[in-house]
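S.K.: Before I ask anything, here is the structure I am working with.
The values are calculated or read from the model by the stated rules, or taken from the named source; none is laboratory data. Since the model is a prediction, treat every value here as computed from it, not as a measurement. Cβ placement follows ideal geometry from the backbone for every residue including glycine, while neighbour counts extend to all protein chains displayed. With ligands, DNA and RNA removed, areas are computed over all heavy atoms of the protein, side chains included. Shrake-Rupley method; radii C 1.70, N 1.55, O 1.52, S 1.80 Å.
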Amino acid sequence: MSENLVSVDSAGTWLWELRPRPPRAIATLVLLPHSGAMAQGYVRWAPWFSDDIHLVAAQYPGRGTRFLEEHATDISELANPLAAVLAGEPGPLFVFGHSLGGLVGFEICWQLEQMERGPGGFFPSAAPAAHYSHLLRQPSDEELVAGLLGRGGLDRVALEDPDLLGLILDACRSDWVMTASYKYSGARRLLRCPIVAFGGAQDSGVPAALLNGWPELTTGHGYVHVLEGGHFYFDGQMATFTTHLEREIRALVAQG
């Protein structure tokens with residue numbers, strides 16, 4: 001799938017287009033992967049969005065074309081370079097982060113606002129609010145596999161390929177370290193941009209109670225959309241989900 005992606009940052013590593021930038025893009029939406037995932041996982045999202053939205057996905061080190069690089073073990077190792085690259089994106093910018101991507105996204109948005117390049121909106125997905133506890137017991141490989149299968153984050157085909165499964169588990173272990181060591185910080189940090197959180201009504205790992213804290217982290221408006229489904233609630237209902245997300249983007253662009 002990597003041949004379908006085109007790098008859009010000067011370093012040729014962090015941001016990849018899911019389709020060419022439209023000549024009259026109204027906004028850029030950056031998609032941040034969940035634990036163990038890579039930019040290629042978002043390729044199938046492209047047809048679900050209108051042609052005037054520029055879609056890019058982040059590629060974390062150790063994933064996809066960057067598989068020879070060391071995995072990040074601290075959120076800042078992802079958020080700092082991504083914020084620097086995204087600051088140069090033209091036009092309105094929106095950030096969507098699923099699961100681990102929700103924490104990465106919060107830190108990116110915070111940094112962008114400090115650079116006076118604040119995003120138009122932040123969409124955390126299936127992620128506990130950043131100021132909640134993220135202390136986790138380290139899972140075994142068996143528990144990681146069972147959890148990924150149970151939550152829909154691992155194709156069973158990967159179980160038949162030891163090398164591929166090893167790469168996924170390596171990424172998940174590093175992502176666990178990142179999540180467990182994450183600290184919102186003692187100072188109260190509030191974004192200025194709107195926060196609209198998404199999640200699944202049947203997500204046992206991240207129930208709605210853990211999503212409800214996101215609106216507390218903005219001085220703008222914030223609320224939560226809970227859709228039917230589990231941790232990967234958008235699977236099987238991409239039309240419903242992307243309609244919600246695109247409606248939010250268009251309304252915020254219209255407000256300026």
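S.K.: I need every pair where a residue in the stretch 60-72 that is over 20 Å from Ala83 (Cβ atoms) has its Cβ under 9 Å from the Cβ of a residue that is of a type in the set (Val, Ile, Thr), sequence separation at least 6 or different chains.
M.R.: So the pair list comes out as Thr65/Thr13.
S.K.: What are the residues in the stretch 149-176 that are touching an Asp or Glu at 6+ places or on another chain (Cβ under 9 Å), at pLDDT below 65 and either outside any helix (DSSP H, G or I) or open to solvent by less than 40 Å² (accessible area, probe 1.4 Å) (or both), if any?
M.R.: Gly152
S.K.: If the Cβ limit is 6 Å and pairs must be 6+ apart or interchain, which residue in the stretch 190-211 that is more than 24 Å from Val253 (Cα to Cα) pairs with which residue that is in a strand (DSSP E or B) and open to solvent by 50 Å² or more (accessible area, probe 1.4 Å)?
M.R.: These pairs meet every condition: Ala201/Val226; Ala208/Val226.
S.K.: Another question, then. Which of the residues belonging to the stretch 83-99 are open to solvent by 10 Å² or more (accessible area, probe 1.4 Å) and more than 17 Å from Val196 (Cβ to Cβ)?
M.R.: Passing the criteria: Ala84, Val85, Ala87, Gly88, Glu89, Pro90, Gly91.
S.K.: Which one of the conditions (1) among the β-branched types (Val, Ile, Thr); (2) open to solvent by 30 Å² or more (accessible area, probe 1.4 Å); (3) touching a His at 6+ places or on another chain (Cβ under 7 Å) does Thr179 fail to meet, given that it meets all the rest?
M.R.: Among (1) among the β-branched types (Val, Ile, Thr); (2) open to solvent by 30 Å² or more (accessible area, probe 1.4 Å); (3) touching a His at 6+ places or on another chain (Cβ under 7 Å), the lone unmet condition for Thr179 is (2).
S.K.: Identify, please: which residue in the stretch 62-111 is hydroxyl-bearing (Ser, Thr, Tyr) and not in a loop (DSSP other than H, G, I, E, B) and is, among those, farthest from Val253 (Cα to Cα)?
M.R.: The residue in question is Thr65.
S.K.: When Ile108 is evaluated against the numbered criteria (1) at pLDDT 95 or above; (2) exposed (fewer than 15 other Cβ atoms within 10 Å of the Cβ), which criterion, by number, is the only one it fails?
M.R.: (2)
S.K.: Let me ask you something else. Just checking, how many residues over the stretch 180-197 are among the hydroxyl-bearing types (Ser, Thr, Tyr) and in contact with a helix residue (DSSP H, G or I) (Cβ under 9 Å, 6 or more places away or on another chain)?
M.R.: Qualifying residue count for the region: 2.
S.K.: Identify the residue in the stretch 212-256 that is of a type in the set (D, E, K, R) and open to solvent by 40 Å² or more (accessible area, probe 1.4 Å) and, among all such residues, is modelled with the lowest pLDDT. First the steps, then the outcome.
M.R.: Filtering the stretch 212-256 down to residues of a type in the set (D, E, K, R) leaves 216, 228, 235, 246-248, 250.
Imposing the further condition that a residue be open to solvent by 40 Å² or more (accessible area, probe 1.4 Å) reduces the set to 216, 228, 235, 247, 250.
Details: Glu216: 96, Glu228: 95, Asp235: 91, Arg247: 97, Arg250: 97.
Per the stated criteria, the residue is Asp235.
S.K.: Continuing with the same structure: Can you tell me which residue in the stretch 40-75 is nearest to Leu165 (Cα to Cα), limited to those that are small (Gly, Ala, Ser) and open to solvent by 20 Å² or more (accessible area, probe 1.4 Å)? So that I can check it myself, show each step before the final result.
M.R.: We begin by selecting, within the stretch 40-75, every residue small (Gly, Ala, Ser); these are 41, 46, 50, 57-58, 62, 64, 72.
Among the residues that remain, those that are also open to solvent by 20 Å² or more (accessible area, probe 1.4 Å) are: 41, 50, 64.
Numbers: Gly41: 15, Ser50: 34, Gly64: 13 Å.
For the stretch 40-75, the residue satisfying everything is Gly64.
S.K.: Still on this model: Sort through Ala209, Ala197, Ala187 and tell me the only one that's hydrophobic (A, V, I, L, M, F, W, C), surrounded by fewer than 16 Cβ atoms within 10 Å (Cβ to Cβ) and either in a helix (DSSP H, G or I) or under 16 Å from the mean Cα position of the chain (by Cα) (or both).
M.R.: After ruling out the rest, the residue left standing is Ala209.
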